[in-house]
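Undergrad: Pasting in a structure now, in structure tokens, and then I'll have a few things to ask.
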Amino acid sequence: MTAPPLWDRGAQPERTALAWSRTTLALLVVGLLCVRLAPSDLGAGAAAAVVCGAAALQLRRTGRSLRRRGDRLPRGRRIADAESVLLATGLTILLAVAGILLAV
Amino acid sequence: MTATRSPRSPGGRWTDRLLAEGRDPDPRFTLANERTFLAWIRTALALVAGGVGVALAGDLVDTPLRHVLAIGFSAAGALLAALAFRRWLRTERALRRDEPLPPPALAPLMSYGLAVAAVALVVALLLTR
């Protein structure tokens with residue numbers, strides 16, 4: 001696959017994708033901390049599966065979004081991605097709820 | 001899933017539904033808004049990490065206070081994530097309508113909240129000693 005033509009010199013799509021990767025890493029770290037809190041082995045396994053699945057999903061979305069944006073930006077088409085934003089919000093709230101439940 | 005896999009936007013149906021009004025702004029503003037949202041989400045995740053960390057710090061803080069602090073940090077993280085989404089949406093809509101951006105109410109709230117939380121944590125640590 002060839003790289004899309006450079007759309008802007010500020011490399012904004014790339015920086016945005018990197019911000020997504022950093023956020024996914026933070027999600028992984030916090031998720032694994034939650035796994036550490038799980039009361040049973042089964043719970044820990046399930047939590048680890050959920051955390052890793054969510055991180056994988058977000059990483060895949062990041063890569064796809066970067067490619068699509070490289071394709072759409074030169075044509076001046078819409079690039080807003082409310083679904084990824086909603087997903088990130090939901091995952092963070094889910095982790096927070098898990099943290100609250102496990103703290104008690 | 002359905003036959004109508006809309007090629008309109010990478011965000012799918014939700015994007016079309018949430019951002020129906022106005023015109024597409026300069027894409028750089030959309031990307032900057034998304035990165036700002038992500039920075040807030042990371043902050044929220046750090047708060048949750050703080051909550052889980054306090055919950056795991058068994059010997060450092062005594063039980064009732066430890067629970068209160070752990071729940072407080074995690075709840076603050078959830079609240080911050082929700083507010084970050086709200087802010088992203090309001091900013092994106094303001095950009096689309098070419099209106100003034102929403103005021104940065106989140107940052108001062110965060111500073112005061114963190115200051116209070118830090119003081120509470122220090123008091124908790126001192127009380128345990």
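The values are calculated or read from the model by the stated rules, or taken from the named source; none is laboratory data. Since the structure is predicted, the reported quantities are computational estimates derived from the model, not experimental observations. Here the Cβ positions follow ideal geometry from the backbone for every residue, glycine too, while neighbour counts run over all protein chains shown.
Undergrad: Quickly run through segment A:74-85 and pick out the residues that are surrounded by fewer than 18 Cβ atoms within 10 Å (Cβ to Cβ) and in a helix (DSSP H, G or I).
TA: A:Pro74, A:Arg75
Undergrad: Let me spell it out: the conditions are (1) within 20 Å of the chain's Cα centre (by Cα); (2) part of a helix (DSSP H, G or I); (3) at the interface with another protein chain (Cβ under 10 Å from one of its Cβ atoms); (4) more than 26 Å from B:Gly77 (Cβ to Cβ), and A:Asp71 meets all of them except one. Which number is the exception?
TA: Only one criterion is unmet by A:Asp71, namely (1).
Undergrad: Touching a residue at least 24 places away in the same chain (Cβ under 8 Å), in a helix (DSSP H, G or I) and surrounded by 15 or more Cβ atoms within 10 Å (Cβ to Cβ): does that describe B:Thr15?
TA: On the way: touching a residue at least 24 places away in the same chain (Cβ under 8 Å): no; in a helix (DSSP H, G or I): yes; surrounded by 15 or more Cβ atoms within 10 Å (Cβ to Cβ): yes.
Here the answer is no, as B:Thr15 does not meet what is asked.
Undergrad: Here's a check for you: in segment B:19-42, which residue that is within 7 Å of another protein chain (Cβ to nearest Cβ) and among the β-branched types (Val, Ile, Thr) is nearest to B:Leu114 (Cα to Cα)?
TA: The residue in question is B:Ile41.
Undergrad: Just name the residue that is farthest from A:Leu95 (Cα to Cα) out of those in segment B:73-110 that are part of a helix (DSSP H, G or I) and at pLDDT below 90. Show your work before the answer.
TA: Start the filter on segment B:73-110 by keeping residues that are part of a helix (DSSP H, G or I), which leaves B:73-97, B:106-110.
Of the ones still in play, those that are also at pLDDT below 90 are B:106-110.
Working: B:Leu106: 21, B:Ala107: 22, B:Pro108: 24, B:Leu109: 22, B:Met110: 19 Å.
Going through the qualifying residues, I end up with B:Pro108.
Undergrad: Can you tell me how many residues in segment A:90-101 are surrounded by fewer than 24 Cβ atoms within 10 Å (Cβ to Cβ) and facing another protein chain (nearest Cβ under 7 Å)?
TA: Total meeting the criteria: 3.
Undergrad: Pick from A:Arg36, A:Arg22, A:Arg15: which is facing another protein chain (nearest Cβ under 9 Å), in contact with a Leu (Cβ under 7 Å, 6 or more places away or on another chain) and surrounded by fewer than 16 Cβ atoms within 10 Å (Cβ to Cβ)?
TA: Working: A:Arg22 fails: in contact with a Leu (Cβ under 7 Å, 6 or more places away or on another chain); A:Arg15 fails: in contact with a Leu (Cβ under 7 Å, 6 or more places away or on another chain).
Every option except A:Arg36 fails the conditions.
Undergrad: Would you check if there is a residue in segment B:36-59 being surrounded by 15 or more Cβ atoms within 10 Å (Cβ to Cβ) and among the acidic types (Asp, Glu)? It would help to see each step written out before you state the result.
TA: Residues of segment B:36-59 surrounded by 15 or more Cβ atoms within 10 Å (Cβ to Cβ): B:36-38, B:40-57.
Now drop any that are not among the acidic types (Asp, Glu), which leaves none.
No, segment B:36-59 contains no residue that is surrounded by 15 or more Cβ atoms within 10 Å (Cβ to Cβ) and among the acidic types (Asp, Glu).
Undergrad: Within segment B:82-98, is there a residue that is within 7 Å of chain A (Cβ to nearest Cβ) and either surrounded by fewer than 17 Cβ atoms within 10 Å (Cβ to Cβ) or without any contact (Cβ under 8 Å) to a residue 40 or more places away in the chain (or both)?
TA: Scanning segment B:82-98, I find at least one residue that is within 7 Å of chain A (Cβ to nearest Cβ) and either surrounded by fewer than 17 Cβ atoms within 10 Å (Cβ to Cβ) or without any contact (Cβ under 8 Å) to a residue 40 or more places away in the chain (or both), so the answer is yes.
Undergrad: Listed residues A:Leu27, A:Leu37, A:Leu32, A:Leu94; which is of a type in the set (A, V, I, L, M, F, W, C), modelled with pLDDT under 90 and closer than 25 Å to B:Ile71 by Cβ?
TA: Values: A:Leu27 fails: modelled with pLDDT under 90; A:Leu32 fails: modelled with pLDDT under 90; A:Leu94 fails: modelled with pLDDT under 90.
Going through A:Leu27, A:Leu37, A:Leu32, A:Leu94 in turn, the sole match is A:Leu37.
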